[in-house]
Each structure stands twice: as structure tokens, then as C-alpha cells.
Amino acid sequence: MVLNKCSMADLIALAAIFTIVLCSFNLVGTNFGLGTHIWRVATSIPILLHNTTRITQSLYGCYLSYTTAITLTKCSIIVSYLRIFPNQSLRQLVRYTGVLVVLIWVCSVFVIIFQCQPIEAAWNWMVHGKCVNILIFFYVSSSINIATDLVLWIAPLPLFWSMNLKLRERVLVCVLFSFGFL
């Protein structure tokens, strides 16, 4: 698997880069009125159309950088699990979860880019095109992302619980590990 050859530090660094890109797109969108009420974005219709186009373009970049940053972060967790835990059933579950995470990322990138035909119709109000309901895709992909988060959080807990420690210490280890879920 490709994830075995990647360094956790490399994945974290790439995730940080895409997070910075995400923040940059947010700042660009804020400059054009992202986060403000639609009636406060502009004083005239032409400026409103221009600003909403720029906001939509920045959101387009936000969607792509967000899904990439989240995927890289999860992949770094998966790589660390594969290096730390010797349990074969856990390793297999983590590998399957990694495949699902990468597949959701690939699907997300393609759906975000090709949500409209032609592509420019996603942000240019003057181009007439046909667009999919991206909100439904975001709900589905978010649900799958939450499920993979839960798997990555819960999967190692039985190993921690089976450690040869006192009950209090096992509880503390599980609680400390659970803080990572936040």
C-alpha cells in the first residue's frame, strides 16, 4: 500500500500546506463578502454579481483544499496506526479505512470539479449549464467522513483495554486517546 511508504511527517506537512491554502481561499472570499449577508455584499447588481462570482470561486478552492487536507490528515493517522499496532485485524481494518478515505477523496475532487457542465457554470452566472445538487453529495461524503473518523477513533480502543495494566490505568489510557477524537 502506498501509505506504508509515506512518512507521517510528510503527510502532516502536506495537510498543513493544504490547510494554509484553505485559509487563503477563505480570506480571498472574505475580501469579496464571504460571510456577510447577501444584501451587504454590494450596492449594485453588477458589483453583486461580480462579488458573488468571486465568492463562489473562492469556495470552489475551499472545497478542494478542505477535502485534500482532511484526507491527508487521516492518512497520517492511518500511517501511524500501521507503524504502531502489530495486531493484524486492526491493521487490516485500518487499511480498508485508508482505501475508503482515499476513494472518497478522489470522488470528492471529481464531483467538486465537475459539479457543473460546463465547469465554469459553477461560478459564472452568465454561463448556462447543468449542475448536480452538490449539497446532497456533501451530506453523503460528510457522513462517510464521520464514519471513518469513528472507525479510526474506536478501532484501537480494544487493544488499549486489553493491555496488562490496572483498570484505572486502562481507563486513563482510553480517555487520553479519546481526547484525540475532539
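So the values come out like this:
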| quantity | calculated |
| --- | --- |
| Test: residue in the range 108-127 that is closer than 21 Å to CYS62 by Cβ, of a type in the set (D, E, K, R) and touching a residue at least 12 places away in the same chain (Cβ under 8 Å) | no |
| Lone qualifier among ILE113, ILE84, ILE45 - being more than 30 Å from GLY129 (Cβ to Cβ) and not aromatic (Phe, Trp, Tyr) | ILE84 |
| Subset of the range 54-71 (residues that are surrounded by fewer than 21 Cβ atoms within 10 Å (Cβ to Cβ) and within 18 Å of ALA9 (Cα to Cα)) | THR68, ALA69 |
| The range 72-100 - residue that is over 19 Å from ILE17 (Cα atoms) and hydroxyl-bearing (Ser, Thr, Tyr) and, of those, surrounded by the most Cβ atoms within 10 Å (Cβ to Cβ) | TYR81 |
| Residue, nearest to the chain's Cα centre (by Cα), within the range 143-182, restricted to residues that are of a type in the set (S, T, N, Q) and under 14 Å from LYS74 (Cα atoms) | ASN145 |
| Helices (runs of 4 or more DSSP H) completely within the range 1-90 that count 1 or more residues being within 18 Å of the chain's Cα centre (by Cα) and charged (D, E, K, R) | 8-31, 45-84 |
| Any hit, the range 150-172, residues being touching a residue at least 12 places away in the same chain (Cβ under 8 Å) and polar (S, T, N, Q) | no |
| Among the candidates ALA9, ALA69, residue that is of a type in the set (Gly, Ala, Ser) and out of contact with any Phe, Trp or Tyr (no Cβ under 9 Å at 6 or more places or on another chain) | ALA9 |
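Condition check ((1) at pLDDT below 90; (2) touching a Cys at 6+ places or on another chain (Cβ under 9 Å); (3) over 25 Å from ILE70 (Cα atoms)) across all residues:
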{"residue": "GLN115", "(1), (2), (3)": "no, yes, no"}
{"residue": "ALA122", "(1), (2), (3)": "yes, yes, no"}
{"residue": "ASN133", "(1), (2), (3)": "no, no, no"}
{"residue": "ILE136", "(1), (2), (3)": "no, no, no"}
{"residue": "THR148", "(1), (2), (3)": "no, no, no"}
{"residue": "VAL151", "(1), (2), (3)": "no, no, no"}
{"residue": "PHE160", "(1), (2), (3)": "yes, yes, yes"}
{"residue": "VAL171", "(1), (2), (3)": "yes, no, yes"}
{"residue": "PHE181", "(1), (2), (3)": "yes, no, no"}
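The values are calculated or read from the model by the stated rules, or taken from the named source; none is laboratory data. Source: prediction; values computed, not measured. Cβ atoms come from the backbone with ideal geometry, glycine included; neighbour counts cover every protein chain shown.
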